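Chemist: Mind having a look at this structure? Questions to follow.
The values are calculated or read from the model by the stated rules, or taken from the named source; none is laboratory data. What you see is a predicted model; the values in this text were computed from it and never measured. Ligands, DNA and RNA are stripped out before the accessible areas are found, and what is left, the full protein with its side chains, is counted by its heavy atoms. Shrake-Rupley method; radii C 1.70, N 1.55, O 1.52, S 1.80 Å.
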Amino acid sequence: MTTVEEALGRPAQSVDRRARRVAVHTFRPRRSWPAVITGFLVLAVAVVAAAEVIAALAGNPLRLFPVGAATDYAATTTWSEPSVQIASAVLALIGLALIVVALAPGRSRWTALRTDDPALVVGLTRPALRRAVAAAAQEVSGVDNAHVTVRGNRLRVHVRTGMRDAGDLPTEVTRSVERRLQELAPLRSMRIVTNVRYAEG
């Protein structure tokens, strides 16, 4: 029997790598809120500064800020002053924090799926992934209820059974979840942790 994959052939390795890069880039979480907040702050400072300059050139300064006092202080203060060094250190730390926030990956709400085609990008939301994995766990005989949590690349499956001694139930649940993940084909491998709660008594 010839499968579709055998008939068409597996995609070239370069195409597969390009498809992975496209999927990872598409579902990479963006740090939009820090960028928006920083942009608004910079815009506000720029608007106030422009208004002060234009008003001063027109001969009627707004004096929203004590520019004169700041100018006098800057003219009489050297870089070796503790206040200047402290202010410089604080500004440097703020800039470093903004860089770290911009570069650090955010929490993704999507799980990229393998397609082997750079022109086709498919993703699964975390709630949908939890439902799919929970449904696979509930297909195992003896499982009464299943709850799944997703953290990074780790799947934690909590199942409840009415049996007092389920034997190989944890292994069967793990295998069922593995089969479902093979069907979904997530781009990154996921670690499965199965916990079984047995009936009391």
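Chemist: For the full complex of protein chains and a 1.4 angstrom probe, list V140, V100 by accessible area with the highest value first. If you can, show how the numbers build up before the last one.
Modeler: Numbers: V140 15, V100 85 Å².
The residues order as V100, V140, largest area first.
Chemist: Any chance you could look up the accessible area of L43 with a 1.4 Å probe, heavy atoms only, rounded to 10 Å²?
Modeler: Looks like 100 Å² after rounding.
Chemist: Next question. Accessible area of the range 109-173 with a 1.4 Å probe: how many percent of it is carbon plus sulfur?
Modeler: Working: 1640 of 3680 Å².
The computed percentage sits at 45.
Chemist: At a 1.4 Å probe radius, which order do W33, W110 fall into by accessible area, largest first?
Modeler: Details: W33 185, W110 120 Å².
If we order W33, W110 from most to least accessible, we get W33, W110.
Chemist: For the range 118-162, just the Cα atoms, rotate onto the principal axes and tell me the three extents in Å, largest first.
Modeler: 47, 19, 13
Chemist: What figure, in Å² to the nearest 10, do you get for the accessible area of E172 with a 1.4 Å probe and non-protein molecules left out?
Modeler: Rounded to the nearest 10, the figure is 90 Å².
Chemist: In terms of solvent-accessible area of protein heavy atoms at a 1.4 angstrom probe, what is the ranking of S83, S189, highest value first? Walk me through the numbers before you get to the answer.
Modeler: Working: S83 55, S189 105 Å².
Reading off the accessible areas and sorting them downward yields S189, S83.
Chemist: With a 1.4 Å probe and every protein chain left in place, tell me how much accessible area I99 has, in Å² to the nearest 10.
Modeler: Probe radius 1.4 Å; accessible area of I99 about 100 Å².
Chemist: Under 5 Å between amide H atoms, partner at least 5 residues away or on a different chain: which partners does V122 have, H built in plane at 1.01 Å?
Modeler: Amide H neighbours of V122, under 5 Å, 5+ apart: L113.
Chemist: Tell me the Kirkwood hydrodynamic radius of the range 130-201 in angstroms, computed as one over the mean inverse distance between distinct C-alpha pairs. Before the final figure, lay out each step's value.
Modeler: Numbers: mean 1/r = 0.0822 Å⁻¹.
Hydrodynamic radius (Kirkwood, Cα pairs) of the range 130-201 is 12.2 Å.
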